[in-house]
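Student: This is the structure I want to talk about, given as structure tokens.
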Amino acid sequence: MTTLQDIRFALRMLSKHPSFTLIVVLTLALAIGANTTIFSAIDAVLLNPLPYKDPARLMVVWETNNQLGDRNEATIGNFLDWRSRNHVFEQMGSLFYTDMNLSGSGEPQRIKSCVVTTNFFQVLGVQPMLGRSFLPEEETPGVPHSVIISHDLWQRLFNSDPNLRSLTLNGRPVAVSGVMPPGFELQFPTSVRVDMWVPMTIDSGEPDRSTNFLYTLGRLKQGVSRE
């Protein structure tokens, strides 16, 4: 009975001071939201390991501006240097996000997509559930490209057709090389739902070194520490 009386008293006091009540409510909302965000990050990164092979050996690699002290995504030129000259990673891969137009299967749709180096899934230690990963030569300009799609997209738009061989992407027919396992998603820089992956075309002749746009991952060699 005492508790009920206390609640009634508190409500009467709050109703008499609406400005104070508003501040209390906003403070509680911000605190709850912040705690939820922090717990979600801890749950995803610490309590539930990343769903990749040997996730402790995966590292995110950034460029650092020594003058400004901030970190950036990599330029394509610097990424190519890292990939060819480093001695601590088994493999390095990179990606950037984009949207693509999928047509030929009902209404045209904008599909959240990811452009990746052809070794990207090898860096993660994940393989398509059906089909194959990208071939190294698909990074070369002028070579026909394929596409890998998510399990969800395969079910939702293609009725889980095991004989799916091609689709129309940005107005051009593209071969489907693989379908990822159910639930596969990228976890960096944050958890991102992607339904399509396409190989990155790299012209190594004069790579750009001014535009920072590549998220870069490396898989440490066995025996190499994080430090």
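Student: For a quick check: sort L169, L102 by the number of other beta carbons within 10 angstrom, fewest at the front.
Tutor: On the way: L169 20, L102 24.
Ranking L169, L102 by Cβ neighbours within 10 Å, fewest first, gives L169, L102.
Student: Would you kindly derive the ³J(HN,Hα) couplings of region 209-219 from the backbone phi angles with the Karplus curve 6.51 cos²θ - 1.76 cosθ + 1.60 (θ = phi - 60°), listing them in order in whole Hz, with x for Gly and Pro?
Tutor: Values, residue by residue: 10, 10, 10, 8, 8, 9, 6, 10, 10, x, 9 Hz.
Student: With a sphere of radius 13 Å drawn around the Cβ of Q155, what net charge do the other residues whose Cβ falls strictly inside it have (Lys, Arg +1; Asp, Glu -1)?
Tutor: So the environment of Q155 carries a net charge of -2.
Student: How do E138, E227, E107 rank when sorted from fewest to most other Cβ atoms within 10 Å of their own Cβ?
Tutor: Details: E138 18, E227 3, E107 6.
Going from least to most buried by this count: E227, E107, E138.
Student: Using the count of nearby Cβ atoms within 10 Å as a rough guide to exposure, how do L214, L68 rank from fewest to most? Write down the numbers at each step before the final one.
Tutor: Numbers: L214 22, L68 8.
So the residues, fewest neighbours to most, are L68, L214.
Student: Quick check for you: which residues of region 191-224 have the amide N under 16 Å from the point 7 Å beyond the Cα of F158 toward its beta carbon?
Tutor: It comes to 194-199, nothing else.
Student: Enumerate the whole-percent occupancy of each 5 Å bin, from 0 to the last occupied one, for all C-alpha pair distances of region 69-227.
Tutor: 2, 8, 17, 21, 20, 15, 9, 5, 2, 1, 0
Student: Quote to one decimal, in nm, the extra length available between K112 and F96 on full extension: 0.36 nm per residue of separation minus the C-alpha distance between them.
Tutor: Full-extension gain reported as 4.6 nm.
Student: Can you work out the FRET efficiency for the pair R165 and S103, with r the C-beta to C-beta distance and R0 = 25 Å, to the nearest 0.05? Don't jump to the answer; show the numbers that get you there.
Tutor: Details: r = 16 Å, r/R0 = 0.65.
Efficiency, rounded to the nearest 0.05: 0.95.
Where a number appears in this text, it was derived from the coordinates with a stated rule and is not lab data. Predicted model, so just to flag it, every value in this text is computed and none were measured. Here the Cβ is made from the backbone with ideal geometry for all residues, glycine too, and neighbour counts use every protein chain on show.
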